[in-house]
Amino acid sequence: MGILEVKNVGKRFGGLQALSDVNLSVAENTVHAIIGPNGAGKSTLLNCLVGKLIPDSGSVMFDGQSVLGRAPYEINQMGISRVFQTPEIFGDLTVLENMMIPCFAKRDGAFELNALPAVSQQKDVVDQAMHMLEEMRMADKRHMHAAAMSRGDKRRLEIGMCLSQEPRLLLLDEPTAGMARADTNNTIDLLKQIKQERDITIAIIEHDMHVVFSLAERITVLAQGTPLVEDTPENIKGHPKVREAYLGESA
Amino acid sequence: MLGLDKKDTSLLIIVAILTLLAPFILNPFPAGSAMAQFNAGYPDLMQRFVIFGIFAIGFNILFGLTGYLSFGHAAFLGVGSYSAVWMFKLLSYNVIPAIALSVVVAALFALLIGYVSLRRSGIYFSILTLAFAQMSFALAYSVLSNPKFNLTNGETGLQVYADDPQIFHRDSLPDMPHLFGLSMRSTYKLDIGAWSFDFNVGYYLCAVIMMVMFYLAIRIFRSPFGMMLRAVKSNQQRMNYTGLNPRPYTLAAFVISGMYAGLAGGLMAAMDPLAGAERMQWTASGEVVLMTILGGAGTLIGPVLGAGFIKYFENIFSKINDTILHQWFSFLPDGIEDFMVFIVHPFIGKGWHLTLGILFMLVVIFLPGGLVEGGQRLGNWLRNRGKRSGEAKTKHEPAE
Amino acid sequence: MDAIILQILNGLDKGSAYALIALGLTLIFGTLGVVNFAHGALFMIGAFCAVTVQRLLNLSFQTVDETQKDFLGNPLKVDTPYVEAWFGPEIGAAIIDWSVPLALVFAIPIMLAVGYAMERGLIKHFYKRPHADQILVTFGLAIVLQEIIKYFFGANPIQTPEPSALKGSLDIGLMLGFDPNAIIYPIWRLVYFTFSVVIIGGVFAFLQFTTFGMVVRAGMADRETVGLLGINIDKRFTIMFGIAAGVAGLAGVMYGPLNPPNYHMGMDFLVLSFVVVVVGGMGSLPGAVAAGFLLGVLESFASTTWATTTIPGINQIIIYLVAIIILLTRPRGLMGRKGVMED
């Protein structure tokens, strides 16, 4: 029984069957990649996992509990954090404040009217956030406006924000899209390090095969809204069906 | 001090000094002189300064922090005034229960309107609040003013009549709003040489309350709650995916700012026991928006500056007339003098709103941070000029 | 039955004004993505075009008529409008009498120019700024425009009567086979309704059947893609803004006889028109028009003595009530599309 169990999920947009009969099981403490050509339904699937979309049919269970019908913030509080394709951070806030917000969310839950004490007096949260910034090697940038950082830094900040919630499942949506090779490799190293240092399950949607084969332990190939194969990276590499799906020709 | 850091403490102290010494500061001209008409240190105007200051501080907690632009805040102000006058009618002229009720009723009202309006964001939210405010205005103006059920007294406005119960009223108490017997209208006149200064009880009550409310606003700005509100403005998507529910945060901000507005309305009634529907009209909501933006939305001191600025110049500009203009330009040759008066004429007196509208547009276009940003830019410019060399890099400090 | 028809007819004139303003607002929303709080001011400027034309036509010179004496026995001074001198008394008087419809001709270039100036001079710079800034700057502009009008025309409403041939009422009940005097309806209201239907039809036809309209519709659906196709969409949007301004202005010109224009009429209509747009569904042109007429008619039903005695003042709040209920049950409005102004 995996930590994330997707059963018979279907989703239709008007005339387009975006997902049909998707089954997926992500085992705890693994890195699981979901790949597929454009329009395969990867993003739709991801949105069904985090509460942005509600599937028409099927079930999505996280750690034995259904996530369907819950708001994104509730699903996050269950232990699923999401990293977006373009980094979603609080651009108007400083880097340190960015890091403190998930720490507050972890400590106080979805809403807490903590309106009188100063932020600086919340030592536990400040320390926790500083600690994570050091781990992400950006403690020196803590007073910068987050929007002013480079794209690579924004990505690291976002991953750090997700990690400071100590999620059990980290979802990454094409985390290296539009990145230069060097930044891509840095991100791969960062993710490897994260995986080594803590018990965390990572599900990653990715286009870049270099990233996928550097990280993944299991790979699911999605094509036309339905899973084609699921196997280890070694087996996927030579799989005829995968090549067919990607290259549009029979091998 | 008081749980604030050094910078905020000095800001609070400056505001406290300015408000407490306002009767001196606003009356710089000797009483009999030609310039005396530009004195602003009379009780009625000073009260308006601080009451609108409170209103704008509260509005800024919502708009400045969360970015939700409400076009209906005057409704809370009006509700506050009506509640206060009802307290005067039923209990007594003591301002404490009146102010307390105005805050409570405004909070409930804001909870209701906020709960509905905050189901939508952006422009929809602005229009919903606008619709609610206009509805409240219509309710106050006509619907809730009929012989069967007269809550607002319609066009005439709600006021205290001799046959009202006023169950706690005693003959020894003043027949106007008072604080345990101390009338809001009692004023001590201090004459020093040619100068004359007014120290009014009502003003000082409002001023003290404004300082407390300003202090609370600083605490809110610096708190985790304040940070969450800024997060709402910055990126709601990220907030949702960080396990935080933006809606109760925004609703809390909405209710708090509604309470500030209610308090301002209650104080207005406490200074002058009358409540009219026009206080709720959407142009009145627009006024507090103007104050906040003009001063600097999202900054602590901005709304207070904006409120003071608008109320001061409203007063001054409305007083200038052509005769005064002719005096000002009398050093010019006749033809040019007349021409200058002709040019300036549309902007003064009744033309104050034209000036205000133009000023407001200029601020939104060129100075989105309002007067506070203007001050900072000016400060930077002066500093750079002082250094005279290009070595200094202008550092962008986050607006306070 | 006749009472119902009467109320529907009564609602049509206000409904027409709502629909015309809301149509322009929606065009601007949809094409430019801008929330224009100054749109009511355009309506008001249109109405004052009629006032101006009326005043121009009434410009007179004085002559002393020796044949007539005033009560002191002095020769009477007579004002003769220039138009009467130029075209002869009869044609001149007719021109003056028809000043409101004539103002349409005068208003079209003025409104297009005002719209063009507004878009190029101000709105253009706000496409990339937050909606709150757009609201604020157009709100400021609305104040400025209305104060300028107030400066030149004063604060009091100014009568702009309809041509005398179109004064009076029709007994519509009689035409429809009801009893005489059951449905009496002022002619000018009928004219206004017909006029707005023509304008609305014209705008829709223009968008539907011209290449220009096609591009604009495509731009409303997906601005970026159309931009990528190499079509100069900005220029077309500028023209669209001019058209929206024109529609609002013409609505204002013709509205004068129904309700004498004053400087704050724009603001009064603006708030309601926004409500109309939201009810109709932001970004939906048919929605705006339908909601405009619907709310106008609803308001008229709520103004009947029956309604106002049951719930006093219901006519004042009905539109807001309906808007709130609709927004809570159908957040996108009656015909709203997904994703419009929802970021």
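No value in this document is a laboratory result; all are computed from the given coordinates. What you are looking at is a predicted structure, and each value in this text was computed from that prediction instead of being measured. FYI the Cβ positions are ideal-geometry reconstructions off the backbone, even for glycines, and counts take in every protein chain you see.
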Result row for chain C, helices from DSSP H with C-alpha axial extent 20 Å or more and mean Kyte hydropathy at least -1.0, is C:2-32, C:39-57, C:99-121, C:131-153, C:187-209, C:233-255, C:265-280, C:285-302, C:314-329
Placing unit charges on C-beta atoms (Lys and Arg positive, Asp and Glu negative, everything else neutral), compute the dipole magnitude of segment A:1-99 about its Cα centre in debye, rounded to 20. 340
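Using only helices, what value at 222 nm comes out for chain C when you add -39,500 (n - 2.57) per DSSP H run of length 4 or more and divide by the total residues, to the nearest 500 deg cm²/dmol?
Details: 15 runs with 234 residues, N = 343.
Roughly -22500 deg cm²/dmol at 222 nm, from the helical runs in chain C.
Say the cut-off is 28 Å between C-alpha atoms; which of B:7/B:233; A:141/A:192; A:11/A:241; A:11/A:192 go over it? Intermediate results must be reported in sequence, preceding the final value.
On the way: B:7/B:233 24 Å; A:141/A:192 23 Å; A:11/A:241 23 Å; A:11/A:192 33 Å.
Distance filter (> 28 Å) returns A:11/A:192.
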In degrees rounded to 10, the 0-90 angle between helix A:95-108 Cα long axis and the longest Cα principal axis of chain A is 80
What are the semi-axes of the equivalent ellipsoid for chain B, taken as the square roots of 5 times the Cα gyration tensor eigenvalues, largest first, in whole Å? 33, 31, 22
Grab the Cα-Cα distance for residue B:16 and residue B:237, subtract it from 0.36 nm times how many residues apart they are, and report the gain in nm with one decimal. 75.6 nm
Can you tell which of C:96, C:158, C:148 shows the greatest fluctuation in a Gaussian network model of chain C with Cα springs below 10 Å? C:148
With -39,500 (n - 2.57) per DSSP H segment of 4 or more residues and division by the full residue count of chain A, the 222 nm estimate, nearest 500 deg cm²/dmol, is -11000 deg cm²/dmol
Answer in debye to the nearest 20: the dipole magnitude of chain B about its Cα centre, from +1 Lys/Arg and -1 Asp/Glu charges placed on Cβ, is 1700
What chymotrypsin sites (Phe, Trp or Tyr not before Pro) does segment B:14-95 have in DSSP loop regions with at most 14 other beta carbons within 10 Å? none
Neighbouring Cβ atoms within 10 Å as the yardstick, rank C:82, B:249 fewest first. C:82, B:249
Sparse-neighbourhood loop sites, trypsin sites (Lys or Arg not before Pro) in segment A:149-251 - DSSP loop, at most 12 other Cβ within 10 angstrom: A:198
Cross-link candidates for residue B:387: which lysines have Cα within less than 16 Å, leaving aside residues fewer than 8 places away along the same chain? B:395
Straight-distance crosslink candidates among lysines, where the alpha carbon sits under 22 Å from residue B:311 and sequence neighbours closer than 8 are dropped: B:319, B:350, C:150
If you average the alpha carbon positions of segment B:176-221 and of segment A:114-162, how far apart do those two centres end up, in angstrom? 44
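Percent antiparallel among DSSP beta bridges with both residues in the protein assembly as shown, to the nearest 5? Don't skip to the answer; put the middle values down first.
Working: 42 of 60 bridges.
Approximately 70 percent, going by the DSSP bridge assignments.
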Scoring only Lys, Arg, Asp and Glu (+1, +1, -1, -1) among other residues with Cβ under 12 Å from the Cβ of residue C:171 yields -2
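When a footprinting reagent is the concern and you count Cβ atoms within 10 Å, what order do C:67, B:19, C:52 take, fewest first? Can you show the working numbers first?
Details: C:67 7, B:19 24, C:52 18.
Going from least to most buried by this count: C:67, C:52, B:19.
FRET efficiency for residue A:68 and residue A:13, Cβ-Cβ distance as r, R0 = 22 Å, nearest 0.05? Present the calculation step by step, with values, prior to reporting the outcome.
Working: r = 18 Å, r/R0 = 0.80.
The calculated FRET efficiency here is 0.80.
Test of understanding: express the Cα radius of gyration of the protein assembly as shown as a ratio to 2.2 N^0.38 Å, with N the residue count.
Values: Rg = 32.9 Å, N = 994, 2.2 N^0.38 = 30.3 Å.
Normalised Cα radius of gyration, the protein assembly as shown: 1.08.
Determine the calculated [θ] at 222 nm for chain B from helices alone, applying -39500 (n - 2.57) to every DSSP H run no shorter than 4 residues and normalising by the residue count; nearest 500 deg cm²/dmol. Before the final figure, lay out each step's value.
Working: 16 runs with 247 residues, N = 400.
Estimated from H runs of four or more residues: -20500 deg cm²/dmol.
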Choose one of B:254, C:46, C:329: the residue whose Cα lies farthest towards the positive end of the charge dipole of the protein assembly as shown (beta-carbon charges +1 Lys, Arg; -1 Asp, Glu; about the Cα centre). B:254
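Treat the count of other C-beta atoms within 10 Å as a stand-in for reagent exposure and order A:133, B:263 from fewest to most.
On the way: A:133 23, B:263 28.
In order of increasing Cβ crowding within 10 Å: A:133, B:263.
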Within chain B, which complete DSSP H helices have Cα atoms spanning at least 27 Å along the helix axis and a mean Kyte-Doolittle hydropathy of -0.5 or higher? B:43-66, B:95-117, B:201-222, B:246-271
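Where does the longest stretch of chain B lie that holds no trypsin sites (Lys or Arg not before Pro) found in a DSSP loop with 13 or fewer other Cβ atoms within 10 Å? Provide the component values of the computation, followed by the final result.
Values: sites that count: B:148, B:170, B:388, B:393, B:395.
Longest stretch, sites excluded: B:171-387.
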Using only Cα atoms, tell me the angle between helix A:181-197 and the longest principal axis of chain A; keep it within 0 to 90° and round to the nearest 10. 80
In this structure, the FRET efficiency calculated for residue C:210 and residue B:161 from their beta-carbon separation, with R0 = 60 Å, to the nearest 0.05, is 0.35
Which residue, B:88, B:190, B:130, has the largest displacement toward the positive end of the dipole of segment B:6-281 when charges sit on each Cβ (Lys, Arg +1; Asp, Glu -1)? B:130
Work out Dmax and Rg for segment A:116-247 from the C-alpha atoms and quote the Rg first, both in angstrom. 18.0, 62
